[in-house]
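These notes are about the structure you will find just below.
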Amino acid sequence: MNPRPLILVVGGDALTERVCAELTATTGHEVRIVWPISAHPDAALIAAGVAEAASLLALADDDALNLVVALRARVLNRNIRIVLRQFNPLLGTKVEQNVSDCTALSPAAHSAATFAGAALDAGCFFALRFPAEDGPLLGFTQTSGAQLDAAGTTVLETEHRLGLRILALGERLDPPAGAMIAAEDAVVAFGPIVEHTDHHRGRSAHAAGPANGRRSARLDLKFFAVGWERLNPVLRVFMLAAAGFFCYEFTFFHFVLHKTWTAASFYVVETMTNVGFGETTVTTRGPLVTGGAIAAMLGGIVFTSIFIGYVSSALTRAQWMALQGMRRISARGHVVICGGGKIGSAVINLLTAAGKRVVVIESNPDASLVRRARDRNVDLLTGDAQRDDALDLCDIPHASALLALTDNDAINVEIALGARARRPDIPLVVRMDNDAFADAVSEIFGIAAFSPSALTAPALAGLSRFPGTRGRVRYAGEDHTISQRSQTAQPEKPPADVCIPLCVWRNGQQIPIREFGQMKPYDELLFAVPLAQFRTAN
């Protein structure tokens, strides 16, 4: 018999491939893939060795199939550990409560924490909710001593002041409490996600002072210039022609018919709106004057008709856009989310819980998203975020971030670049399933790109052997597995040789800790383990 534990993996998509890659990157176990599989999986599971398996990962993209496979595996092997992929987190929670030694994980909910964290803090590269999926949002953030306002202070002083856990200074892992922080030091910190709004404050800082007043005037002129350039070309020509015609008629009434300035203006408007100006004696003034009067009246008909037609078209278009849920949003500090699928909906929940106003663009919103649009902090636009008019309605210049979360990598990049064209400094977060594409986008455009599969696969792989695994992060040049452990009446350090304590949950409060000796009975512990231990010790 093979003494190594057997792990069965049921699934056949990209997530399954990533999970298998994670499992085979470490030793000490055997991995078998069971796929394809039917709604009656007993024969396939028995052939794969379910009776001797230590764990089963049900990772198909069908919640019902995963549940069937998991329950049949438990019938065939009462001691098998089950890891369940469930798109519906409520169903997953109920399964966990009723099936022993079973963990259900929603890829959408798991990855949404990182997307939301990156939207609130551009330095966040991994986030999670602790101690459970309804807990506060905590994250790992790459920052600097200057940004933390920690230059010249010690690690311990900064941790106490900010309620964070400093995990790295440059390439120095878990620096001692007395280590000094310099302004230029690269710092990796862990703790509650706090929104950074420096770019916002910079936009509203022109309230006083003559220099700021001049800058504001220049911005206003630039705003009108940009608005003129973005007008419909036909409308621009019409407006210029109407202005020129007004000048012609004004000259005719003032200089030819000798009307006063105000009377000339009145006659111009009357002629353009009522066809004629009641001045019959003009026919006795000669053919040139009579021809000028005729041109004024005919021009009035033409321009009035064009104007009425344009207004009617604009009203019809506005009505159609309103029926489609498209309307202009005026907001400050809001987050624009393009794509309201499972990940987008989970991100909406996290951001609104953090007090953010959210503007969602989704072409085919489901019923739950429509219901959410009735909330005070959620605005739903039913349209295509690829279209310029959809982005124009979202008040991009005053948004705090934009997230492109559709299931198409190229569309997400297009949306992000469209937002950047409207505001070059807007923080952008995109969903990218292709790793090579994501790396290129991050390198060339400086856009934060995350893959839901890449965020979820390490957690699923770890859960097959180590209950409590929450994910994996890389900082200071080393990979770390993040795990959670419930303490009993006698708190104990995790069994790994090298562990880094992060925080505990105690009496409804998250508390950073530096030493495992700071634990108390019944604490919920979160800690990091260098991944190298798993690759060498197993």
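Miscellaneous remarks
- Enumeration of residues in the range 1-49 that are in contact with a Pro (Cβ under 7 Å, 6 or more places away or on another chain) and among the small types (Gly, Ala, Ser): Gly12
- The strands (runs of 3 or more DSSP E) found entirely in the range 1-115 include none that carry 1 or more residues being among the acidic types (Asp, Glu) and within 28 Å of the chain's Cα centre (by Cα).
- Residue tally, condition buried (at least 18 other Cβ atoms within 10 Å of the Cβ), assigned to a helix (DSSP H, G or I) and touching a residue at least 60 places away in the same chain (Cβ under 8 Å), over the range 395-446: 4
- Filtered residue count, the range 89-121, keeping only those that are within 25 Å of Gly341 (Cβ to Cβ), surrounded by fewer than 23 Cβ atoms within 10 Å (Cβ to Cβ) and of a type in the set (S, T, N, Q): 2
- Every residue from the range 471-495 that is in contact (Cβ under 8 Å) with a residue 24 or more places away in the chain and more than 35 Å from the chain's Cα centre (by Cα): Thr488, Ala489, Gln490, Pro491
- Single residue of Arg371, Arg376 found to be out of contact with any strand residue (DSSP E or B) (no Cβ under 8 Å at 6 or more places or on another chain) and outside any loop (DSSP other than H, G, I, E, B): Arg371
- Look at (1) in contact with a Gly (Cβ under 9 Å, 6 or more places away or on another chain); (2) crowded, with 19+ Cβ neighbours inside 10 Å; (3) in contact (Cβ under 8 Å) with a residue 40 or more places away in the chain and you find that Asp61 fails only one, number (2).
Matching residues to (1) at pLDDT 70 or above; (2) more than 24 Å from Met239 (Cα to Cα); (3) touching a Gly at 6+ places or on another chain (Cβ under 6 Å); (4) charged (D, E, K, R):
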{"site": "Leu288", "(1), (2), (3), (4)": "yes, yes, no, no"}
{"site": "Ser312", "(1), (2), (3), (4)": "yes, no, no, no"}
{"site": "Trp320", "(1), (2), (3), (4)": "no, yes, no, no"}
{"site": "Ser330", "(1), (2), (3), (4)": "yes, yes, no, no"}
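- Residue that is farthest from Ala119 (Cα to Cα) [pool: residues in the range 447-475 that are surrounded by fewer than 23 Cβ atoms within 10 Å (Cβ to Cβ) and polar (S, T, N, Q)]: Thr469
- Check on Gly163, under 15 Å from Pro512 (Cα atoms) and touching a residue at least 12 places away in the same chain (Cβ under 8 Å): yes
- Residue within the range 441-456 that is under 19 Å from Phe190 (Cβ atoms) and in contact with an Asp or Glu (Cβ under 8 Å, 6 or more places away or on another chain) present: no
- Flag for His200 being modelled with pLDDT under 95, in a helix (DSSP H, G or I) and either surrounded by fewer than 17 Cβ atoms within 10 Å (Cβ to Cβ) or acidic (Asp, Glu) (or both): yes
- Of all the criteria given as (1) touching a helix residue (DSSP H, G or I) at 6+ places or on another chain (Cβ under 7 Å); (2) hydrophobic (A, V, I, L, M, F, W, C); (3) surrounded by fewer than 16 Cβ atoms within 10 Å (Cβ to Cβ), the one not satisfied by Cys124 is (3).
The values are calculated or read from the model by the stated rules, or taken from the named source; none is laboratory data. The model shown is predicted, which means the values in this text are computed figures rather than measured ones. We place every Cβ from the backbone using ideal geometry, glycine too, and count neighbours over all the protein chains shown.
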